[in-house]
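The values are calculated or read from the model by the stated rules, or taken from the named source; none is laboratory data. This one's a predicted model, so the numbers in the text were calculated from it and none came from an experiment. Note: ideal-geometry Cβ built from the backbone for every residue, glycine included; neighbour counts use all protein chains shown. Just so you know, the surface numbers come from the protein's heavy atoms only, side chains and all, with ligands and any DNA or RNA stripped out. Shrake-Rupley method; radii C 1.70, N 1.55, O 1.52, S 1.80 Å.
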Amino acid sequence: MQPPTLTPHVLDSSRLQTENVTPALYRELLKNAQDCLWAKFEAGESVRLLVEARTEAIDIVLTHAWQSFGLSNENELALLAVGGYGRGELHLASDIDVLVLHGHGQLPDTLKESISRFITLLWDLGLEVGSSVRSLSECVESVSEDVTIATNVLEVRTLCGNDELRQTLLALIRPLWTDAAFFEAKRDEQIARHAKHHNTEYNLEPDLKNAPGGLRDIQTVVWVAKRHFETTNLYDLVTHGFLTEFEYKQLFDSETLLWKIRFALHHIAKRNENRLLFDHQRGLAALLGYNDNNASRAVEQFMKDYYRVAMTVSMLNEMLLQYFDEAILRAEEQAIIIPINDDFQLRDNYIEVTHHQAFARNPSALLEIFSILAESPDILGVRASTIRLIMVEARKINAAFRHNQQNRAYFMEILRAPHALFSTLRQMKRYGVLGQYLPAFGAIIGQMQYDLFHIYTVDAHTLLVIKNMRRFRYDESRELFPVVTDVAQQLPKPELLYLAGLFHDIGKGRGGDHSELGAVDAIEFCLAHGLSTRSANIVAWLTRNHLIMSMTAQKQDLADPDVIHRFAKLVGDIVHLDYLYALTVADICATNPKLWNSWRASLLRQLYQQTRRALRRGLNNPIDYHELIAETRITALDMLLAQGFSEEAVSSIWEKLGDDYFLRESANEIVWHTSAILNHGDNNSPLVAIQKSHGNQFQGATQIFVYTKDLPNLFAASVATLDQQHLTVLDARIITATSHFSLDTYVVLDEDNTPITDNDRLDMIRESLTHALSHPEQYPTIVQKRLPRALKHFSVKTEVNISNDIAKQQTSLEVITLDRPGLLARIGLIFMEHGVSLQSARIATLGERAEDVFFISDAHGQAIANPELCEKLAATLRQQLDMVN
């Protein structure tokens with residue numbers, strides 16, 4: 001399949017022959033050409049023809065300008081296009097790289113002046129020019145030292161002047177790099193380039209030129225192969241047997257889509273932009289004809305197509321470079337061959353088929369090879385020629401293959417194998433096997449969610465979840481995951497955990513509840529693959545409930561025994577709890593690296609341990625509130641007496657506090673609060689005490705305790721000050737004593753998601769809070785920071801949900817809105833204006849979304865029973881919070 005060849009002409013070159021040519025005329029012609037190119041793009045013209053057309057337009061202008069300076073008459077001078085311009089691949093804002101090549105030892109001053117004026121004119125015309133002026137000897141020296149220059153010169157094209165100079169240059173530089181040296185240099189260059197993009201095709205804002213799976217990956221394969229075969233046409237690589245027809249089509253189609261995106265991106269950005277920033281993704285989706293539907297948004301469909309193409313390109317790049325190394329560079333080397341069975345052998349410790357018909361004659365070998373890999377950690381990988389066969393044969397996997405009992409047995413062998421589960425499944429996905437064997441997984445490949453919370457595509461996230469699960473099986477993970485490591489290593493059937501990881505998000509992108517859809521798929525798959533009904537039900541239950549533990553830990557009060565009891569009833573037994581805990585930790589860690597921190601770890605650990613105790617105690621034997629309060633008071637009093645405080649002094653503080661305080665706070669926190677108040681003594685100034693959190697309750701964060709006279713705007717003043725100190729509030733507890741003093745506890749992290757340990761920083765926080773709370777009526781203005789760039793492109797319509805708990809005399813208010821600087825202070829001010837008192841808050845930031853839960857009451861400490869006040873409060877929150885910065 002050859003690319004189209006009829007290039008449309010977009011620049012009116014006749015005017016250069018009939019009119020007085022000035023820079024203004026050049027600019028007018030170039031602008032008209034750009035407008036014409038974009039109009040043709042919008043009309044559906046082939047992007048390949050448009051790229052050629054822009055190249056032709058630039059050729060015309062540069063050639064005419066070169067001639068106008070009298071440079072075409074110089075026999076020892078040539079104007080050459082190099083790089084992308086040399087290939088004839090100019091997008092709307094591509095750089096225009098030129099080489100002025102001369103055969104002089106020293107360029108005469110008159111020529112230097114003319115060339116300088118020529119280059120200056122190009123810049124004056126608004127062209128992004130990369131230029132160099134070199135003699136033949138200088139070029140040879142540069143090429144010998146720099147593989148990038150050597151690559152650029154590979155695709156040199158004469159625009160004006162003596163073409164013999166180009167031919168001489170190519171003849172001189174050809175021997176400077178052997179095929180092996182050039183290959184190694186380009187491979188090293190690619191490794192470094194990929195590292196800059198985190199070695200993944202799935203960045204939220206990918207670079208479609210330089211990231212893995214981008215245009216540069218296609219070009220790297222082409223440069224290496226075309227240099228070896230001395231061809232100028234990509235299709236010639238098929239003739240030489242380096243590419244198959246199918247691989248050529250894949251590369252051609254992938255490049256075409258990437259070109260369409262790049263062409264449109266240059267138009268939107270008005271510059272040579274290659275990053276698919278949030279600023280541009282929705283606009284590109286609209287330009288390229290994507291539309292929202294019930295299952296997904298247009299931008300998600302667009303990015304899914306991009307990610308799928310990027311993965312295809314990345315896989316072809318990996319396979320073809322490996323093939324070039326194995327089949328061409330190392331073809332004459334003596335190999336060590338070790339037989340495995342009739343179909344497979346090891347060649348230098350890489351597995352390969354023994355004959356090209358291995359998969360065609362024995363389709364089950366498509367899964368058997370991965371079973372061998374998972375069982376044999378010493379095997380380095382799969383030979384490129386075998387990868388090529390797998391990619392072809394995988395497309396033939398059908399229902400009969402999936403129903404074959406031998407194939408199902410191989411798949412379960414892979415899940416139960418002791419080694420390399422993540423890398424094996426990743427290879428299966430990249431070679432096309434996993435998506436074909438499990439079509440529901442194939443549907444989520446490249447599936448993205450347009451938010452800042454999920455930073456990986458669904459398929460990449462799913463495999464990372466399984467990778468995390470495997471980490472828990474090794475003692476090395478104990479330092480980061482002490483509890484879950486012990487739990488995971490005691491699971492009776494770890495393959496059930498892996499299956500839950502595989503299916504937990506598999507229902508995304510279909511519309512409907514993905515947890516329910518995934519549970520249906522999971523139980524059907526498990527039963528078909530020979531698992532017992534109980535095992536299948538565990539996997540389905542985990543899939544259905546995979547979010548419940550994280551939501552309970554983040555949004556509910558874990559100090560409330562009722563919360564623990566309800567969660568324990570949902571879980572049912574310790575087996576389900578253990579599996580769910582391991583799944584939850586693996587899931588969170590694989591969603592977003594910024595999401596997992598010591599505070600979130602401590603919440604989940606606290607919920608797990610308290611639920612485990614509840615299950616051991618028995619669901620019919622819940623905690624007695626009065627017994628718990630009495631136990632907490634006795635423990636705290638003993639500790640305070642040991643510190644030298646009198647029982648009378650302690651009682652003078654405690655008698656002003658209700659039972660709720662002793663239910664919600666641990667003995668350690670009560671001792672800290674009480675001792676700080678008694679040592680402070682001065683009731684006329686605010687007490688601000690700070691400590692790095694200890695114990696299970698607030699482990700992994702910094703705790704700030706405030707004791708001061710109660711005032712309506714105390715919460716707003718406190719959180720505004722904390723915001724000014726660049727602190728993230730995770731939890732707030734407000735206790736109002738009968739003496740009209742407020743005991744407020746804030747759990748915070750620094751802006752880098754870590755506890756505050758620097759003493760100077762702690763002193764600054766303490767001083768700023770003390771100052772602000774001394775005059776809360778003048779509390780700091782709500783922080784006015786610019787909304788971060790990434791957040792500007794997301795719209796989260798504010799949701800407010802209010803419900804009452806009459807038994808506890810409190811109202812629960814959930815706010816879901818766009819996260820922004822000063823959010824909590826805004827909410828606190830609205831509470832104050834409506835006469836609402838805050839009792840506690842659970843703060844959760846999920847990417848661009850803030851999902852915060854506030855437990856509030858009226859001025860008398862009662863649940864807000866007035867429906868008009870509830871509606872007014874909700875309406876004000878929605879109105880003011882939707883007025884984004």
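Please work out which residue is farthest from THR584 (Cα to Cα), limiting yourself to segment 444-483 and to residues that are of a type in the set (Gly, Ala, Ser) and surrounded by 18 or more Cβ atoms within 10 Å (Cβ to Cβ).
Once the filter is applied, the top-ranked residue is GLY446.
Looking only at segment 58-83, count every residue that is free of Cβ contacts under 8 Å to residues at least 40 places away in the same chain and in contact with a strand residue (DSSP E or B) (Cβ under 7 Å, 6 or more places away or on another chain) and tell me the total. Break it down into steps so the answer makes sense when it comes.
Applying the first criterion (free of Cβ contacts under 8 Å to residues at least 40 places away in the same chain) to segment 58-83 yields 73.
Checking the rest, the ones that are also in contact with a strand residue (DSSP E or B) (Cβ under 7 Å, 6 or more places away or on another chain) come to none.
Of the residues in that region, 0 qualify.
How many residues does segment 714-767 contain that are of a type in the set (A, V, I, L, M), assigned to a strand (DSSP E or B) and either over 21 Å from PRO821 (Cα atoms) or free of Cβ contacts under 8 Å to residues at least 12 places away in the same chain (or both)?
Total satisfying the criteria: 3.
Per-residue answers, yes or no, for (1) in a helix (DSSP H, G or I); (2) at pLDDT below 85; (3) surrounded by 15 or more Cβ atoms within 10 Å (Cβ to Cβ); (4) of a type in the set (A, V, I, L, M, F, W, C):
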| site | (1), (2), (3), (4) |
| --- | --- |
| ILE830 | yes, no, yes, yes |
| VAL853 | no, no, yes, yes |
| CYS870 | yes, no, yes, yes |
| ARG878 | yes, no, yes, no |
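Are any residues in segment 498-512 open to solvent by 10 Å² or more (accessible area, probe 1.4 Å) and either of a type in the set (Gly, Ala, Ser) or more than 16 Å from ALA443 (Cα to Cα) (or both), and if so, which ones?
Correct list: GLY509, GLY511, GLY512.
Per-residue answers, yes or no, for (1) under 26 Å from ALA327 (Cα atoms); (2) open to solvent by 50 Å² or more (accessible area, probe 1.4 Å); (3) touching a Gly at 6+ places or on another chain (Cβ under 9 Å); (4) not β-branched (Val, Ile, Thr):
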residue	(1), (2), (3), (4)
LEU169	no, no, no, yes
ARG174	yes, yes, no, yes
ALA181	yes, no, no, yes
ALA185	yes, no, no, yes
ASP188	yes, yes, no, yes
ALA195	no, yes, no, yes
ASN203	no, no, no, yes
ASP207	no, no, yes, yes
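Within segment 236-253, take every residue that is among the aromatic types (Phe, Trp, Tyr) and open to solvent by less than 50 Å² (accessible area, probe 1.4 Å) and give me the one that is nearest to LEU316 (Cα to Cα).
Filtering segment 236-253 for residues that are among the aromatic types (Phe, Trp, Tyr) and open to solvent by less than 50 Å² (accessible area, probe 1.4 Å), the one nearest to LEU316 (Cα to Cα) comes out as TYR248.
ALA295 is checked against (1) open to solvent by less than 50 Å² (accessible area, probe 1.4 Å); (2) touching a helix residue (DSSP H, G or I) at 6+ places or on another chain (Cβ under 8 Å); (3) not in a helix (DSSP H, G or I) and fails just one. What number does that condition carry?
Every condition holds for ALA295 apart from (2).
Specify the residue that is nearest to LYS226 (Cα to Cα); the eligible residues are those in segment 322-337 that are among the charged types (D, E, K, R) and open to solvent by 50 Å² or more (accessible area, probe 1.4 Å).
Within segment 322-337, the match that is nearest to LYS226 (Cα to Cα) is ARG330.
Quick check on my filter: what residues within segment 143-169 are without any contact (Cβ under 8 Å) to a residue 12 or more places away in the chain, part of a helix (DSSP H, G or I) and charged (D, E, K, R)?
Within segment 143-169, GLU145, GLU164 meet the criteria.
Report yes if ALA310 is of a type in the set (Gly, Ala, Ser) and open to solvent by 30 Å² or more (accessible area, probe 1.4 Å), otherwise no.
no
Residues in segment 538-558: is at least one among the small types (Gly, Ala, Ser), open to solvent by 10 Å² or more (accessible area, probe 1.4 Å) and either part of a helix (DSSP H, G or I) or within 27 Å of LEU425 (Cα to Cα) (or both)?
yes
Quickly run through segment 280-303 and pick out the residues that are more than 21 Å from LEU517 (Cβ to Cβ) and among the small types (Gly, Ala, Ser).
Going residue by residue through segment 280-303, those that are more than 21 Å from LEU517 (Cβ to Cβ) are 280-291, 298-299, 302-303.
Of everything in segment 280-303, those that are more than 21 Å from LEU517 (Cβ to Cβ) and among the small types (Gly, Ala, Ser) turn out to be GLY283, ALA285, ALA286, GLY289, ALA298.
Within the set of pairs 6 or more residues apart or between chains, which connect a residue that is open to solvent by 60 Å² or more (accessible area, probe 1.4 Å) inside segment 666-688 to a residue that is part of a loop (DSSP other than H, G, I, E, B) with Cβ atoms less than 6 Å apart?
Final answer for the pair search is ASN668/GLY695.
What helices (runs of 4 or more DSSP H) completely inside segment 47-142 contain at least 2 residues that are within 27 Å of GLU273 (Cα to Cα) and open to solvent by 30 Å² or more (accessible area, probe 1.4 Å)?
Those helices (runs of 4 or more DSSP H) span 47-68, 109-124.
For segment 695-703, check the following and say yes or no: at least one residue is modelled with pLDDT of 90 or more, within 29 Å of GLN610 (Cα to Cα) and over 38 Å from the mean Cα position of the chain (by Cα).
No; the residues of segment 695-703 include none that is modelled with pLDDT of 90 or more, within 29 Å of GLN610 (Cα to Cα) and over 38 Å from the mean Cα position of the chain (by Cα).
Mind checking whether some residue in segment 578-595 is closer than 30 Å to GLU751 by Cβ, modelled with pLDDT of 95 or more and of a type in the set (Val, Ile, Thr)?
yes
Go through (1) under 30 Å from LEU287 (Cα atoms); (2) out of contact with any strand residue (DSSP E or B) (no Cβ under 8 Å at 6 or more places or on another chain); (3) not in a helix (DSSP H, G or I) for ASN20 and report which single condition fails.
(1)
Any idea which residue in segment 216-235 is farthest from ILE191 (Cα to Cα), counting only those that are touching a residue at least 60 places away in the same chain (Cβ under 8 Å), open to solvent by less than 30 Å² (accessible area, probe 1.4 Å) and of a type outside the set (Asp, Glu)?
For segment 216-235, the residue satisfying everything is ARG227.
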